[in-house]
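The values are calculated or read from the model by the stated rules, or taken from the named source; none is laboratory data. Every value quoted in this text rests on a predicted model; they were computed, and no experiment measured them. All Cβ positions, glycine included, derive from the backbone under ideal geometry; neighbour counts span all protein chains shown. For accessibility, only protein heavy atoms count, side chains too; no ligands or nucleic acids. Shrake-Rupley method; radii C 1.70, N 1.55, O 1.52, S 1.80 Å.
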Amino acid sequence: MISVTDLSMAFGPQTLFEGVSLLFSPGKRYGVVGANGAGKSTFLKILTGELQPETGQVIIPSELKVGVLGQDHFQYENNRVIDVVIMGKQELWKVFSEKEILLNKPNLTDDENIRLAELESDIANLNGYMAEADASKLLEGLGLADETHYLPMNTLSGGFKLRVLLAQVLFGEPDVLLLDEPTNHLDIYSIKWLEGFLSKYNGTLVVISHDHDFLNGVCTHIADVDFGTIKIYTGNYDKFCVQCQEERDRKSGLIAKQEKRRDDLQLFVDRFKAKASKARQAGSKAKMIEKLEDEIGSNQLARSTRMEPRFVFKQVRPSGICPLKVAGVTKSYGDKRVLNDVHFEIERGQKIAIIGPNGIGKSTLLNIVTDNVKANGGVFNWGHETYIGYFPQDHHAEVHGKLTVLDWLWNCNPKMTQSSIREVLARALFTGDDVDKGVENLSGGEAARLILAKMMVTNHNVLILDEPTNHLDLESITNLAKALNNYDGTVLLVSHNRYFVSKIANRVIEISADGARDFLGTYTEYMNERENDHLARDVSLKNRSKEVEKIRMSSGEDAKKSKPTKELSHAERKKLRNKIKSLERKIKDCEKQSVELEQKITDLSSYMASEEFYNLFAKEQRIKSREKSETEDKLLAIMELWETSAAELEKLL
């Protein structure tokens with residue numbers, strides 16, 4: 001159990017929190033939330049002992065092992081990745097190290113041989129013979145491929161080094177786990193794995209995160225840093241939000257009742273204070289008013305450190321029906337290929353999430369289509385009347401120089417008035433003296449909000465966003481998701497934040513070593529199909545036919561060799577063979593129709609991207625668009641029939 005008593009912390013004139021007393025219990029998982037700058041990381045550093053509070057104390061029993069995610073990327077540069085993870089169990093690592101020293105000696109004395117036997121026994125007692133296997137499981141879950149496990153740390157990027165440090169903490173099986181933004185630098189799959197791992201953690205977990213879904217999936221309690229204090233709520237993040245709103249509603253209702261009572265008493269006093277017969281009552285009620293004023297003052301809603309931006313994006317005009325075509329794009333950095341033969345086309349108004357493991361080339365793809373990086377092969381073409389707004393992952397590539405916030409944004413659209421620019425800045429939470437701050441001094445969150453403000457003053461019809469949530473707090477992420485969801489234009493985004501992606505995307509493109517996998521649907525639908533559907537809709541029918549053939553071959557060369565026929569009558573066997581032949585014909589027919597429909601869709605897409613299409617009258621354009629949509633619906637129906645028939649055939653074979 002962690003005990004926090006009368007804790008206070010301030011930096012200069014800014015008080016983060018004071019008089020905080022809390023208990024963190026074993027088996028509970030606490031998510032620490034609050035606005036950027038509210039004091040979340042400061043509070044965690046106090047728990048770890050890295051910072052000393054101004055007042056109060058933190059008590060963690062000495063027998064409890066505390067695990068803290070380190071931030072020193074370069075601490076283990078010459079150590080093997082697998083060894084760094086095993087170092088998480090210090091006692092075991094000490095035994096391994098001593099054993100290694102003895103084994104490297106050319107000759108051992110009798111005492112050393114005895115000691116070596118003792119070390120072997122210690123390793124067995126500490127379950128050390130499973131250490132490498134267990135460490136590898138952690139590394140794989142966090143997205144580090146097998147071939148990296150025995151390489152030195154200096155071969156990894158900073159993001160992957162952090163993953164190894166996280167694996168080290170988890171491997172140590174601490175009683176208390178303190179994590180500050182552990183999902184940073186993790187891809188969308190690793191975050192999901194970590195969520196599952198931590199949801200089964202039996203110790204005391206205190207974790208800071210700006211990921212809604214992660215907090216919902218992991219936390220049993222929420223510690224809210226706000227109003228100059230820290231308060232613990234029971235439940236995950238969604239339940240915390242409901243409790244907060246209910247709490248404020250109750251307080252608002254109480255204040256309203258007190259104010260109504262005060263006003264009624266004041267009316268009595270004003271009416272009868274001059275009458276001698278009522279003067280005594282009026283005086284009594286005046287004292288009641290004074291008491292109510294004090295109560296109303298003490299019950300006033302404290303000012304929250306949370307501030308919600310109000311992003312609004314408008315498109316300058318609709319783009320052509322096909323804003324972007326990518327064909328065969330390939331990119332390598334030296335011997336490492338990050339993109340391999342990527343193909344896709346975007347339709348106007350789609351909101352597309354590009355996902356995939358870290359290092360696979362998602363950001364590289366965005367840099368290619370925005371002309372910031374040259375591809376090694378393939379082409380991309382922007383369609384008719386496309387106006388592109390780009391949010392880079394590297395904010396310094398966009399926000400730099402010696403200008404103030406106000407002047408920087410005004411330069412983005414000099415035609416706007418200063419008052420209009422200030423209004424947009426206020427929407428992005430730059431108010432008062434904030435607009436005079438130099439852009440070179442902005443925090444990550446402030447720079448992100450300024451780039452989004454630029455997107456509000458320079459209207460586009462295509463928005464490209466590369467990890468826009470990295471430095472935003474929960475409130476800003478929520479508002480940005482709403483703004484993009486309400487945006488009429490096309491969105492192409494890369495993000496590891498599942499909540500953010502699930503609120504926006506209506507199409508998912510997964511980048512892998514083999515190319516791009518395209519899924520027309522929401523992120524939630526995509527994940528359900530990815531995990532549960534072994535005959536996924538985006539697998540070509542040709543490949544599915546091969547899978548059916550594998551099923552048949554594994555079950556026997558034909559229906560005559562299948563097990564059920566041994567127990568059937570002649571008539572039943574004949575009926576079964578006819579049924580199998582009928583299903584096989586249906587599958588072949590589906591395959592033929594699908595090829596024809598896919599070709600028709602390709603032809604229509606090409607035509608709709610041509611100049612000839614844009615010269616048609618609007619009515620004729622709508623007819624072609626409707627024809628393409630109806631063809632896609634037919635293809636979907638054929639694919640569903642194929643799946644049903646294939647599943648039925650599998651049962652019969």
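Somewhere in segment 564-576, is a residue in a helix (DSSP H, G or I), surrounded by 15 or more Cβ atoms within 10 Å (Cβ to Cβ), in contact with a Phe, Trp or Tyr (Cβ under 8 Å, 6 or more places away or on another chain) and modelled with pLDDT of 60 or more? Checking segment 564-576: not a single residue is in a helix (DSSP H, G or I), surrounded by 15 or more Cβ atoms within 10 Å (Cβ to Cβ), in contact with a Phe, Trp or Tyr (Cβ under 8 Å, 6 or more places away or on another chain) and modelled with pLDDT of 60 or more. For residue 78, state whether it is open to solvent by 50 Å² or more (accessible area, probe 1.4 Å), part of a helix (DSSP H, G or I), more than 30 Å from residue 9 (Cβ to Cβ) and not acidic (Asp, Glu). For residue 78, the condition - open to solvent by 50 Å² or more (accessible area, probe 1.4 Å), part of a helix (DSSP H, G or I), more than 30 Å from residue 9 (Cβ to Cβ) and not acidic (Asp, Glu) - is not met.
Would you confirm whether any residue within segment 135-143 is open to solvent by 60 Å² or more (accessible area, probe 1.4 Å), without any contact (Cβ under 8 Å) to a residue 12 or more places away in the chain and out of contact with any helix residue (DSSP H, G or I) (no Cβ under 8 Å at 6 or more places or on another chain)? Yes, segment 135-143 contains at least one residue that is open to solvent by 60 Å² or more (accessible area, probe 1.4 Å), without any contact (Cβ under 8 Å) to a residue 12 or more places away in the chain and out of contact with any helix residue (DSSP H, G or I) (no Cβ under 8 Å at 6 or more places or on another chain). Pick from segment 50-70 the residues that are in contact with a strand residue (DSSP E or B) (Cβ under 8 Å, 6 or more places away or on another chain) and in a loop (DSSP other than H, G, I, E, B): which of them is farthest from residue 21 (Cα to Cα)? My answer is 69.
Among the residues of segment 357-410, the one identified as in contact (Cβ under 8 Å) with a residue 24 or more places away in the chain, closer than 21 Å to residue 338 by Cβ and among the charged types (D, E, K, R) is 362.
Considering segment 52-76 alone, what residues qualify as being within 29 Å of the chain's Cα centre (by Cα) and not hydroxyl-bearing (Ser, Thr, Tyr)? Listed by number, the residues that qualify are 66, 67, 68, 69, 70, 71, 72, 73, 74, 75.
In segment 81-121, the residue that is farthest from residue 65 (Cα to Cα) out of those that are open to solvent by 90 Å² or more (accessible area, probe 1.4 Å) and touching a helix residue (DSSP H, G or I) at 6+ places or on another chain (Cβ under 9 Å) is 103. Of the residues making up segment 320-335, at least one is farther than 18 Å from residue 460 by Cβ, modelled with pLDDT of 90 or more, among the charged types (D, E, K, R) and open to solvent by less than 60 Å² (accessible area, probe 1.4 Å).
May I ask you to verify whether residue 150 is open to solvent by 20 Å² or more (accessible area, probe 1.4 Å), over 16 Å from residue 76 (Cα atoms) and aromatic (Phe, Trp, Tyr)? Criteria not met by residue 150. Scanning segment 318-366 for residues that are farther than 30 Å from residue 155 by Cβ, outside any strand (DSSP E or B) and not aliphatic (A, V, I, L, M) yields 318, 319, 320, 322, 323, 347, 348, 349, 350. Restricting attention to segment 201-242, and to residues there that are closer than 28 Å to residue 13 by Cα and under 15 Å from the mean Cα position of the chain (by Cα), which single residue is surrounded by the fewest Cβ atoms within 10 Å (Cβ to Cβ)? Filtering first and then ranking leaves 208.
Here residue 458 passes the criteria (1) over 28 Å from residue 192 (Cα atoms); (2) hydroxyl-bearing (Ser, Thr, Tyr); (3) open to solvent by less than 10 Å² (accessible area, probe 1.4 Å) except the one numbered (3).
Restricted to segment 494-531, and to residues that are assigned to a strand (DSSP E or B) and β-branched (Val, Ile, Thr), which residue is nearest to residue 350 (Cα to Cα)? Only one residue tops the list, namely 508.
Residue selection: residue 337 fails the criterion of being among the charged types (D, E, K, R) and farther than 25 Å from residue 517 by Cα.
Taking segment 180-197 as the range and being open to solvent by 30 Å² or more (accessible area, probe 1.4 Å), within 15 Å of residue 159 (Cβ to Cβ) and within 10 Å of the chain's Cα centre (by Cα) as the test, the residues that pass are 184, 189. Test residue 466 against the criterion of being within 14 Å of the chain's Cα centre (by Cα) and at pLDDT below 95, and give yes or no. Against the criterion (within 14 Å of the chain's Cα centre (by Cα) and at pLDDT below 95), residue 466 qualifies. Residue-level analysis places residue 170 outside the set of residues that are crowded, with 19+ Cβ neighbours inside 10 Å, closer than 12 Å to residue 194 by Cβ and touching a Lys or Arg at 6+ places or on another chain (Cβ under 9 Å). Scan (1) at pLDDT below 90; (2) open to solvent by 60 Å² or more (accessible area, probe 1.4 Å); (3) among the charged types (D, E, K, R) for the single condition residue 314 breaks and write down its number. In the conditions (1) at pLDDT below 90; (2) open to solvent by 60 Å² or more (accessible area, probe 1.4 Å); (3) among the charged types (D, E, K, R), residue 314 misses (1) alone.
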